[in-house]
Amino acid sequence: MIYADSRSALSEAYRQLRTSILLSTAGHPPKSLLITSSLPSEGKTTTATNTAISLAQTGANVLIVDADMRRPRLHSVFNIANGEGLSTLLSSESSDADITRVVKTDDGTQLSLLTSGPIPPNPAELIGSDQMANLLKKLQNHYTHVVIDSPPITSFTDGVLIASMVDGVILVVHSGKSSRQVVKRSRQLLQDVGARILGVVLNNVNLRSQDNYHYYQTYYHRNSYNSTDEKV
């Protein structure tokens, strides 16, 4: 994670990404942000974690939510228990006291953490529920920024459902893995629900491969953000 070496090139890349996010919307920075990808193992969890850490380094009160209730990773990244989490809060009418009990704090990064909780049989139903929309509103009232990690959007509907509820979406693209057609489909899925795509993190890019880099640079114009993120 980037807090381990604040002088690294990776840390600087995330500081640049943070600046782009904070300046991405008129009037005020986005309070809720979805980090997703087209396919598995493109680096979305690492991107979500490092983006949240970078935002927290400004002194903001930041919560990261693991909404990938199919292949949750946040509890492993921070080495914390996952007995309760998002699925717990979505399975009943949750009070502020319930949220406070379930949300954890990481002392090293000062991030607030909401893990996935037990994997439910119906993740998409929970994610698309009124309870999810209400919970997100409560969280946005309490935190400066809420960063959400979701399943890949071409594989499951969960991420697309969340995209319709948040202020902005960052799409993580693994260079050389996601085809142009897959990325275009992801963009269309997000646009179909009225999601605001703030930009793209082009992950594991080989800047020496001009064909690869030039395509994404041209395709996304100034909305592209570049990072050299590890795969998760």
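The values are calculated or read from the model by the stated rules, or taken from the named source; none is laboratory data. What you are looking at is a predicted structure, and each value in this text was computed from that prediction instead of being measured. Virtual Cβ from ideal backbone geometry, glycine too; neighbours counted across all protein chains shown.
Before moving on, here are some points about what is shown:
- One residue from Val201, Val147 being surrounded by 18 or more Cβ atoms within 10 Å (Cβ to Cβ), within 19 Å of the chain's Cα centre (by Cα) and either at pLDDT below 95 or farther than 19 Å from Thr19 by Cα (or both): Val201
- Residues of region 108-144 classified as over 20 Å from Ile21 (Cβ atoms) and either of a type in the set (A, V, I, L, M, F, W, C) or in a loop (DSSP other than H, G, I, E, B) (or both), total: 17
- One residue from Asp149, Asp167, Asp192, Asp158 being free of Cβ contacts under 8 Å to residues at least 60 places away in the same chain and either out of contact with any Gly (no Cβ under 6 Å at 6 or more places or on another chain) or more than 22 Å from Ala60 (Cβ to Cβ) (or both): Asp192
- Filtering Glu42, Glu93 for residues that are under 24 Å from Ser164 (Cβ atoms), in contact (Cβ under 8 Å) with a residue 12 or more places away in the chain, in a loop (DSSP other than H, G, I, E, B) and touching a strand residue (DSSP E or B) at 6+ places or on another chain (Cβ under 9 Å) leaves a single hit, Glu42.
- Restricting attention to region 28-48, the residues being over 20 Å from Leu139 (Cα atoms), surrounded by fewer than 22 Cβ atoms within 10 Å (Cβ to Cβ) and at pLDDT 90 or above number 2.
- Selected residue (criterion: modelled with the highest pLDDT) from residues of region 1-27 that are part of a loop (DSSP other than H, G, I, E, B), out of contact with any Pro (no Cβ under 8 Å at 6 or more places or on another chain) and within 17 Å of Gly199 (Cα to Cα): Thr25
- Residue that is farthest from Gln181 (Cα to Cα), among those in region 108-159 that are among the aliphatic types (A, V, I, L, M) and out of contact with any strand residue (DSSP E or B) (no Cβ under 7 Å at 6 or more places or on another chain): Leu135
- Looking only at residues in region 161-192 that are touching a helix residue (DSSP H, G or I) at 6+ places or on another chain (Cβ under 8 Å), among the β-branched types (Val, Ile, Thr) and in a helix (DSSP H, G or I), the one that is farthest from Asn122 (Cα to Cα) is Val183.
- Residue ID - surrounded by the fewest Cβ atoms within 10 Å (Cβ to Cβ), chosen from residues in region 73-99 that are farther than 15 Å from Thr45 by Cβ and of a type in the set (Val, Ile, Thr): Ile99
- The number of residues in region 56-80 being touching a residue at least 24 places away in the same chain (Cβ under 8 Å) and among the small types (Gly, Ala, Ser) comes to 3.
- Answer residue from region 100-144, given it is under 18 Å from Pro72 (Cα atoms) and β-branched (Val, Ile, Thr) and is surrounded by the fewest Cβ atoms within 10 Å (Cβ to Cβ) among those: Thr105
- Residues satisfying the stated conditions in region 95-109, i.e. within 13 Å of Asn134 (Cβ to Cβ) and either touching a Ser or Thr at 6+ places or on another chain (Cβ under 8 Å) or of a type in the set (Asp, Glu) (or both): Asp96, Asp98
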